[in-house]
């Protein structure tokens, strides 16, 4: 298998499924983990709708690795912008991912550090990140593309207070979602190159839930154009 594309919501995988040639739904033992197999730009691909939250994302990622052995894992979706550098509709290409809600400070660990694990900030594949940033710049313009840290937690960030708390512990973070760091964690432990490409749907403030629904269609259109371009580039590099 060339590439596994993993996203949380039906809306995030819909456009990928439409481009999937010879689509077949793979049988899984899980009622809420649909996996679709086919070809994308001549790449053997699976499109996985993992569901919302870190546990769902981790489960789906490990299952996908065990049963399809992808060369590359790509997760794409929407995220809340927590850095003043990013605006709604911008693209964030992760250089790494970390869990912002993992908290063992009582034992002397920094917020986000997982005790007894060698690393807690999981670096994305640098070559894939460069390809994704170039594809995003081509589609949307370089001024709308950012590379940096993505953080995840089982929390929809919906207030300035929540946003500022995350930034206090992760000042380099550009955006926050609910799945990407879990996917990165599992991919890294399995030594599978991974990449995260996020589109900013809201500003992680009191208007976040309203903005999420208002911008979702347009933001996903831009993101899907970037992912499509990236897959075309990957075709000659895998």
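The values are calculated or read from the model by the stated rules, or taken from the named source; none is laboratory data. Bear in mind that the values here come from a model prediction, so they are computed numbers and not experimental data. Glycine also receives a Cβ, built like all others from the backbone with ideal geometry; neighbour counts cover every protein chain displayed.
Data for the structure
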| read-out | value |
| --- | --- |
| Verdict on residue 90 being touching a strand residue (DSSP E or B) at 6+ places or on another chain (Cβ under 8 Å) and at negative phi | yes |
| Among (1) more than 23 Å from residue 224 (Cβ to Cβ); (2) touching a helix residue (DSSP H, G or I) at 6+ places or on another chain (Cβ under 7 Å); (3) touching a residue at least 40 places away in the same chain (Cβ under 8 Å); (4) surrounded by fewer than 21 Cβ atoms within 10 Å (Cβ to Cβ) - the single one residue 110 does not satisfy | (2) |
| Checklist (1) over 25 Å from residue 238 (Cα atoms); (2) assigned to a loop (DSSP other than H, G, I, E, B); (3) in contact (Cβ under 8 Å) with a residue 40 or more places away in the chain applied to residue 56, failing item | (2) |
| Any helices (runs of 4 or more DSSP H) falling wholly within the range 157-238 and containing at least 1 residues that are closer than 15 Å to residue 89 by Cα and within 13 Å of the chain's Cα centre (by Cα) | 208-234 |
| Residue that is farthest from residue 61 (Cα to Cα) [pool: residues in the range 31-42 that are out of contact with any helix residue (DSSP H, G or I) (no Cβ under 6 Å at 6 or more places or on another chain) and at pLDDT 90 or above] | 42 |
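Matching residues to (1) buried (at least 19 other Cβ atoms within 10 Å of the Cβ); (2) modelled with pLDDT of 95 or more; (3) in contact with a helix residue (DSSP H, G or I) (Cβ under 9 Å, 6 or more places away or on another chain):
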| position | (1), (2), (3) |
| --- | --- |
| 174 | yes, yes, no |
| 178 | yes, yes, yes |
| 181 | yes, yes, yes |
| 186 | yes, yes, yes |
| 195 | yes, yes, yes |
| 199 | yes, yes, yes |
| 213 | no, no, no |
